[in-house]
Amino acid sequence: MAKNKTTAEILAEARAQDGGGRSAPSAADAAPESEVAPAAEVPAESEPTEKPAAAPAAKPSAGKPKSTSDILARLRAEKGGSKPAAPEKKAAGKSPAPKKAATATSPAATGEKQSPLEMLKAMREAKQAEAAEPKEVAETPSGPKKPVRGNPAAKRKSAAKAEVPRRGFLVACLMAPLVLVSSPFAAAWTFFSTATAAFSLAMARFMMPNVLIEPPSRFKVGSPSDYPGGTVSTKWKAEFGVWIVNTEYEGKSLIYALFSICTHLGCTPNWLEGEQKFKCPCHGSGFYIDGVNFEGPAPRPLERTAIRIAPDGMLEVDKSQKFQQELGQWEDSKSFIELA
Ligand code: FES
């Protein structure tokens, strides 16, 4: 490995590169001792008196490009490892401000000698570190990024990010009914709901059955004088289904009530006043005025209802009781009112 050049050698080379602007080599030889060593060891106040030879070496650097010695002196002064070059102070007219304190591991702090290339390299690295330091601070994440105010691009970007999930939610809401309707689960659920509703309606209808309002079985039909002898009243046929008959039966003048129901198959016969008989329109059965059958398919006489004179003197008919002639029930006093 090549041996590192000393400061004196570097300065000698630099002066040699200057091209003999100075004729006295003895000054160049003395310069290393007078420019470098005293610059690091002797205070700046004593330089003008103790080292006059150093002044001519520093003067050329004021008007020309800096030599290696000037650069070296300036670097050492900036590094702060030693009292730097007084000539540069004089040439600049002001003292350079110390930039940074040397770290404990730096060569200046440890007292090791550095080559100019190493020092330049260290300076570049220090400057690059200083230049990069604010960027690192600025780029250090301190939390969620906030949108920059007044930046339209940032606003549009954040608005687009917020709009995407909102639009997706709306689409999902619109498509949900279609998905449900088209799925087998939705069809089954619809069928179940319809069946349940129909069953509920049927149960409600079952709990409210049809009510057939029938006339009362017991009712009053007026005074006995309203029914003259030998007559059949059809006044209550349509409303109560009975005839009121005043006639003689077995030698007695009686008032009784006959059901208007044919004993054949239940049709409603008609009273024929001209023929003095009840005639069934269905199969032609005929009945006398007393109710006894005499023609047609009717197997037996018409039936009587219960009748009585109420406490108010009115005739009261009770259809809840019936009396059949073939059974001898017409003999029951409840089936007629005997007139005096
Ligand atoms: Fe009256 Fe047949 S129903 S005759």
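The values are calculated or read from the model by the stated rules, or taken from the named source; none is laboratory data. Computed from a predicted structure; not experimentally measured. All Cβ positions, even for glycine, are placed from backbone atoms using ideal geometry, and neighbour counts span all protein chains on display. The area values use the complete protein model at the heavy-atom level, side chains included, leaving out ligands, DNA and RNA. Shrake-Rupley method; radii C 1.70, N 1.55, O 1.52, S 1.80 Å.
So the values come out like this:
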| item | result |
| --- | --- |
| Most to least accessible of Met123, Met207 (protein chains only, probe 1.4 Å) | Met207, Met123 |
| Formal net charge of residues neighbouring Met314 (Cβ-Cβ distance under 15 Å; K, R +1; D, E -1) | 0 |
| For Val232, net neighbour charge (Lys/Arg +1, Asp/Glu -1) across residues whose Cβ lies under 12 Å away | 0 |
| From phi via Karplus (6.51, -1.76, 1.60), per-residue ³J(HN,Hα) for the stretch 245-256 in Hz, x at Gly/Pro | 10, 10, 7, 9, 9, 6, x, 10, 7, 10, 10, 8 |
| Difference of contour (0.36 nm per residue) and Cα-Cα distance, Ala172 to Thr268 | 27.3 nm |
| Point-to-point label distance, Val292-Trp189, nm (Cα→Cβ direction, 7 Å offset) | 8.0 nm |
| Net lengthening on full extension, Lys127/Thr231 (0.36 nm per residue, minus Cα-Cα) | 23.0 nm |
| In order through the stretch 188-193: 3J(HN,Hα) via Karplus (6.51 cos²θ - 1.76 cosθ + 1.60), integer Hz, x for Gly, Pro | 5, 5, 5, 4, 4, 5 |
| Formal net charge of residues neighbouring Glu273 (Cβ-Cβ distance under 15 Å; K, R +1; D, E -1) | +3 |
